[in-house]
Amino acid sequence: MDTLLQQFFQQLINGISLGSIYALIALGYTMIYGIIKLINFAHGDIYMIGAYFGFFATTQLGLGFIPAIILSMAGAAIVGIIIERVAYRPMRNAPRIAILITAIGVSFFLEYSMILLVSPQPRTFPAVFTPTVYHFGPLVANSQQLVILISALILMVALSYIVNSTKAGKAMRAVSFDADAARLMGINIDRVISMTFALGSALAAAGGVLVGVYYNSIDPLMGMMPGLKAFVAAVLGGIGIIPGAMMGGIILGVVEAMVSGFLSSTFRDAAAFGILILILLYKPAGLLGKNVREKV
Amino acid sequence: MKRVNKLLSVLTAGVLFAGALAGCGGSKEAKSDVIKIGGNLEMTGGSASFGISSKNGIELALKTVNQKGVLGGKKVELVVADNKSEASEALNSMQKLISQDKVVAVIGPNLSSAAIASSAINNAAKVTAITPMGTNPDVTVNPENGKTREYNFRACFIDPFQGTVMANFAAKEMGFKRAAIMIDNTSDYSKGLATFFKENFLKNGCEVVAEEAYLQKDTDFKSTLTKIKAVNPDFIYVPGYYQEVGLIIKQAREIGLEVAIAGGDGWDSAKLPEIAGKEALNGTFFSSLYSPDDTSELNKNFVAEYQKTYNAKPDVFAALAHDATLVIAKGIEDSQSAEPAKVAAAIAKVKDLNGVSGAIAFDDKHNPIKSAVIIEHIDGKQTFKTKINP
C-alpha cells in the first residue's frame, strides 16, 4: 500500500510539471478565444517558435536562462502581433469557419517555414543550469521541474494582475464582454486585440523555452501535440476563462500521468481526448464556465 | 499494381530482346580476362552517402580478390551505374548493367524501395543482385506469392533479427532476468524488434515485467518510467529512434532509474549523446550490423586499408558492400563459371564465408545468417562491446 501511495505522489509531481506547460499554452488559447472568439490553431507553433528563439538566444547570443526567456517572449509577442495583423485582421468580419481555416493555414505555414529555415533535425538545448535532484523521502523531483512550476506560477500571477488590475486589462475585458460597446466607449479595439495576441504568444514562448530546457530537445513540429492538448485543457477549464485554463492544464497533466502510471501508457492520449469529448457532452461551457444563453 | 506488373514485363521483355541482339556479337567478350560486376548505387541524390561508401567498400574488396584473381587469374572489375537514389532510375541502371555491360552479378541498390523496383529486371535476366543494406523483407521475398526471389540476396540482416540478438545478449551474456519493454507504437521497425526480443527473451527463461508504448514526438516519459521503476526490472529494452530514446534515457536517469537500457540500430546517431547527456548514456547498449571497432583480424585490416585509401572510417554501407563483393567472388569461384545463373546458384549455397561484418551464409529466404555486434556507450562514445553469433 505504501508503494502505491508513493507511486501516486511521484506521478502527481510528474503530472503537475507537465500540466503547468499545458496551462501556459492554454492561457494563450483562452485569451484569444475570449477576445475574438477564434480558436487559434497556430498557437502551438508560436510555442515552437518561442523555443527556437530561446535556443538561439542561449547558443548564439550566449544569454543565461532568464534573459533568454525574456527575449524569446518578446520575439514571440512580435510574431503573434504580425500574425494577427496579416492573417486574422483582414478576416475579422468573415464567417468564423473561414478564420478557423486561416488559423490552420498559419499553423502549417509556421511549421514548414521553420523546417525550411532551421532544418527538420531536432536541436539539443544547451544546459543553461545544472539540474539538481531533490529527494523528498522516496520521492524524486529535480530543479528543472521546480523551475517550470515556479516560472509558470509567476507568469500566471503576472497575467492575472495585468488582466484584472491594469487599464489595459480592463480594456481587454471590456472588448471580450462586448466589442461594439467597448468601441463606443472609445477603446481602440485593434490595439487591444494586438495586445492580447502579444500576451498570449509571450506565454506560449515561455512554455517553449521551459520545455526546451526541461526535455533538452526541440524540433519544428514540436508544437502540434502540446497545441492540441492545451486546446483540450482550455476547453476543460472553460474556454475564454483565464483561471479555467490554468486549472484545465494542471488537471490534464495529472490525468495523463495517472493514466500512464496506473493504467497503461497506450491509453494516455485516449484519456486526454476522451476528456474533451466528455466535457463537450456534459459541460460544454467547461468546469468554470456558466451556461450563457447566446444573444440572438 | 496489375498495371505496373504489366509495364514491368513489357520492359523486361524489351531488355531480354536487346540482350539477345547484343549477345550475337558478344561471344568474344566472355572469353576475355576481365569479369565485370555491376554497382547499382546511389551516387547522387538524397542517399548519395550510401552509394559512395558502398563503392569504396566494393573497390577495396576487389583489390583483395584481384591479388589472386578468380577462375585461375582473371580480374574482376566494377562498373557503376548511378541510380540517383530513385526507384525508377534504379530500374534503368539495372537494365543498363545487365544488357550493356553484361555483368555477372550486381551489388545494390541500398534503398529497399529501389531494390524492390529493380528486382523484376534482374530476376527476369537471371542475374544476381545483392543489396548491401536493403532491410525490407520484400527485397528478397515476393509479397504477392510469398516466394523467395531467386536472384535477390541481401548482405544485412532484416530488422527483427536485432530483437533476437539483443534478447540472447541480455539473457546469456549480461545475465538479466527481468526486462521492461518500451515500444514506439508508430513504427513497424520498433514493433518488429520488440516482438522478436520478447519471444526470445522468454525462451531464455526470463521475464518481461512491463510492456509500455509511446508515440513518435512524445517528450514526456516520466510517468511511464516511474511505473516501470516500481516493477523493478534489471533491464529496459527500447527499440526506437534516437530522438525519443535520448529523452527516455535522460528522464530515466533523472528519476533515479539506473538500470541498463538497450535498443537497436535506430539509436545510431551522433545526436544521442547530445540529447541524453553523456553520463546518462553509461550502461546503455544497442545492436548493429557492423562496428569499425570489431576486433577480428579481417576487419582490422579492412579498417586500416580503408583509412589509408579514403581517409575516413568505414561505415556500415562500406562494410556490407565489401562483404557482398566477397560473396560474389566466392560464387564465381565455387561455380567455376562466369555465367550469371550458375553464379547465382553457387551464391545461394555459400557457407561460412568470412566477411568484415562477420560470417555469412544464406537461409532459404536469401537473408544472411550472420553475427551482429553490440555497441556500448562509454562516456558518450560508441564502443565495440562484443559480437553475437546467431
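So, A:Ile39, is that one modelled with pLDDT under 90, away from chain B (no Cβ under 11 Å) and under 24 Å from A:Ile82 (Cα atoms) or not?
Details: modelled with pLDDT under 90: yes; away from chain B (no Cβ under 11 Å): yes; under 24 Å from A:Ile82 (Cα atoms): yes.
For A:Ile39, the condition - modelled with pLDDT under 90, away from chain B (no Cβ under 11 Å) and under 24 Å from A:Ile82 (Cα atoms) - is met.
Limited to the stretch B:191-250, what total is found for residues that are free of Cβ contacts under 8 Å to residues at least 40 places away in the same chain, closer than 25 Å to A:Met222 by Cα, part of a loop (DSSP other than H, G, I, E, B) and not charged (D, E, K, R)?
4
Would you be able to tell me the number of residues in the stretch B:251-260 that are out of contact with any Lys or Arg (no Cβ under 7 Å at 6 or more places or on another chain), free of Cβ contacts under 8 Å to residues at least 40 places away in the same chain and more than 9 Å from chain A (Cβ to nearest Cβ)?
Taking the stretch B:251-260 as the starting set, the residues that turn out to be out of contact with any Lys or Arg (no Cβ under 7 Å at 6 or more places or on another chain) are B:252-254, B:256, B:258-260.
After this cut, where a residue has to be free of Cβ contacts under 8 Å to residues at least 40 places away in the same chain as well, the list is B:252-254, B:256, B:258-259.
Still in the list and also more than 9 Å from chain A (Cβ to nearest Cβ): B:252-253, B:258-259.
Looking only at that region, the number is 4.
Okay, residues lined up against (1) crowded, with 22+ Cβ neighbours inside 10 Å; (2) modelled with pLDDT of 90 or more; (3) among the hydrophobic types (A, V, I, L, M, F, W, C):
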{"site": "B:His322", "(1), (2), (3)": "yes, yes, no"}
{"site": "B:Ala329", "(1), (2), (3)": "yes, yes, yes"}
{"site": "B:Ile332", "(1), (2), (3)": "yes, yes, yes"}
{"site": "B:Val343", "(1), (2), (3)": "yes, yes, yes"}
{"site": "B:Ile347", "(1), (2), (3)": "yes, yes, yes"}
{"site": "B:His366", "(1), (2), (3)": "no, yes, no"}
{"site": "B:Ser371", "(1), (2), (3)": "no, no, no"}
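Give the stretch B:287-317 a look and list any residue that's of a type outside the set (D, E, K, R), in contact (Cβ under 8 Å) with a residue 40 or more places away in the chain and within 18 Å of B:Gly51 (Cβ to Cβ), or say none.
B:Leu289, B:Tyr290, B:Tyr306, B:Thr309, B:Tyr310, B:Pro314, B:Val316, B:Phe317
Would you check if B:Tyr237 is surrounded by 21 or more Cβ atoms within 10 Å (Cβ to Cβ), of a type in the set (Ser, Thr, Tyr) and within 14 Å of chain A (Cβ to nearest Cβ)?
Numbers: surrounded by 21 or more Cβ atoms within 10 Å (Cβ to Cβ): yes; of a type in the set (Ser, Thr, Tyr): yes; within 14 Å of chain A (Cβ to nearest Cβ): no.
The answer is no for B:Tyr237.
Tell me which residues, restricted to the stretch B:251-278, are assigned to a helix (DSSP H, G or I), in contact with a Pro (Cβ under 8 Å, 6 or more places away or on another chain) and under 26 Å from B:Phe161 (Cα atoms).
Selection gives B:Gly266, B:Lys271.
From A:Glu84, A:Glu111, which residue is more than 25 Å from A:Asn216 (Cα to Cα) and among the charged types (D, E, K, R)? Even if it seems obvious, please write down each step before you answer.
On the way: A:Glu111 fails: more than 25 Å from A:Asn216 (Cα to Cα).
Going through A:Glu84, A:Glu111 in turn, just one is more than 25 Å from A:Asn216 (Cα to Cα) and among the charged types (D, E, K, R): A:Glu84.
For the stretch A:50-64, enumerate the residues that are without any contact (Cβ under 8 Å) to a residue 12 or more places away in the chain and part of a helix (DSSP H, G or I).
Within the stretch A:50-64, the subset without any contact (Cβ under 8 Å) to a residue 12 or more places away in the chain is A:56, A:60-63.
Hit for the stretch A:50-64 is A:Phe56, nothing else.
Identify all residues within the stretch A:130-188 that are in a strand (DSSP E or B) and either surrounded by 13 or more Cβ atoms within 10 Å (Cβ to Cβ) or touching a residue at least 40 places away in the same chain (Cβ under 8 Å) (or both); write none if there are none. Before you say what the answer is, go through the steps one by one.
Keep residues of the stretch A:130-188 that are in a strand (DSSP E or B), which gives A:133-136, A:139-142.
Within the stretch A:130-188, A:Val133, A:Leu139, A:Val140, A:Ala141, A:Asn142 meet the criteria.
Can you pull out every residue in the stretch A:82-124 that is in a helix (DSSP H, G or I) and small (Gly, Ala, Ser)?
Residues of the stretch A:82-124 that are in a helix (DSSP H, G or I), as a first pass: A:82-91, A:96-118.
A:Ala87, A:Ala98, A:Ala103, A:Gly105, A:Ser107, A:Ser113, listed by residue number.
Anything in the stretch B:290-314 that is part of a loop (DSSP other than H, G, I, E, B) and of a type outside the set (Lys, Arg)? List them, or say none.
In the first step, residues of the stretch B:290-314 are kept if they are part of a loop (DSSP other than H, G, I, E, B); the result is B:290-296, B:311-314.
If the condition is that a residue be part of a loop (DSSP other than H, G, I, E, B) and of a type outside the set (Lys, Arg), then B:Tyr290, B:Ser291, B:Pro292, B:Asp293, B:Asp294, B:Thr295, B:Ser296, B:Asn311, B:Ala312, B:Pro314 are the ones that fit.
In the set B:Gly246, B:Gly263, which member is within 12 Å of chain A (Cβ to nearest Cβ), at pLDDT 90 or above and more than 22 Å from A:Val259 (Cα to Cα)?
Details: B:Gly263 fails: within 12 Å of chain A (Cβ to nearest Cβ).
Of B:Gly246, B:Gly263, the one residue that is within 12 Å of chain A (Cβ to nearest Cβ), at pLDDT 90 or above and more than 22 Å from A:Val259 (Cα to Cα) is B:Gly246.
Let's see how each residue does on (1) in contact with a strand residue (DSSP E or B) (Cβ under 9 Å, 6 or more places away or on another chain); (2) crowded, with 17+ Cβ neighbours inside 10 Å; (3) at pLDDT 90 or above:
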residue: B:Gly134; (1), (2), (3): yes, yes, no
residue: B:Pro137; (1), (2), (3): no, no, no
residue: B:Arg149; (1), (2), (3): yes, yes, yes
residue: B:Arg154; (1), (2), (3): yes, yes, yes
residue: B:Ser187; (1), (2), (3): no, yes, no
residue: B:Phe197; (1), (2), (3): yes, yes, yes
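Residue check: is A:Ala127 within 14 Å of chain B (Cβ to nearest Cβ) and not in a helix (DSSP H, G or I)? Full working, then the answer.
Values: within 14 Å of chain B (Cβ to nearest Cβ): yes; not in a helix (DSSP H, G or I): yes.
Here the answer is yes, as A:Ala127 does meet what is asked.
What about B:Ile181, is it touching a residue at least 24 places away in the same chain (Cβ under 8 Å), closer than 30 Å to A:Leu139 by Cα and crowded, with 23+ Cβ neighbours inside 10 Å? It would help to see each step written out before you state the result.
Values: touching a residue at least 24 places away in the same chain (Cβ under 8 Å): yes; closer than 30 Å to A:Leu139 by Cα: yes; crowded, with 23+ Cβ neighbours inside 10 Å: yes.
Yes, satisfied.
Return the pair list, or none, for Cβ contacts closer than 9 Å from residues in the stretch B:326-340 that are outside the structural domain of B:Leu60 (by TED's automatic domain parsing) to residues that are outside any helix (DSSP H, G or I) and modelled with pLDDT under 90, at least 6 apart or on different chains.
none
State all residues of the stretch B:68-100 that are surrounded by fewer than 17 Cβ atoms within 10 Å (Cβ to Cβ) and touching a residue at least 40 places away in the same chain (Cβ under 8 Å); if no residue qualifies, say none.
Correct list: B:Leu71, B:Gly73, B:Lys74, B:Lys75, B:Glu77, B:Val79, B:Gln100.
Could you count how many residues in the stretch A:1-34 are among the aliphatic types (A, V, I, L, M) and either within 12 Å of chain B (Cβ to nearest Cβ) or surrounded by fewer than 23 Cβ atoms within 10 Å (Cβ to Cβ) (or both)?
Our first condition is that a residue be among the aliphatic types (A, V, I, L, M); within the stretch A:1-34, this holds for A:1, A:4-5, A:12-13, A:16, A:18, A:21, A:23-27, A:31-32.
Right, trim to either within 12 Å of chain B (Cβ to nearest Cβ) or surrounded by fewer than 23 Cβ atoms within 10 Å (Cβ to Cβ) (or both) and you get A:1, A:4-5, A:12-13, A:16, A:18, A:21.
Total meeting the criteria: 8.
Restricting to the stretch B:273-291, name every residue that is on the phi < 0 side of the Ramachandran plot, within 14 Å of another protein chain (Cβ to nearest Cβ) and surrounded by fewer than 24 Cβ atoms within 10 Å (Cβ to Cβ).
Filtering the stretch B:273-291 down to residues on the phi < 0 side of the Ramachandran plot leaves B:273-276, B:278-282, B:284-291.
Next cut, within 14 Å of another protein chain (Cβ to nearest Cβ) only: B:273-276, B:278-281.
The answer is B:Pro273, B:Glu274, B:Lys278, B:Glu279, B:Ala280.
The values are calculated or read from the model by the stated rules, or taken from the named source; none is laboratory data. Everything numeric here is computed off the predicted structure, so don't read it as measured data. Neighbour counts are summed over all protein chains in view; Cβ atoms, including those assigned to glycine, are modelled from backbone coordinates with ideal geometry.
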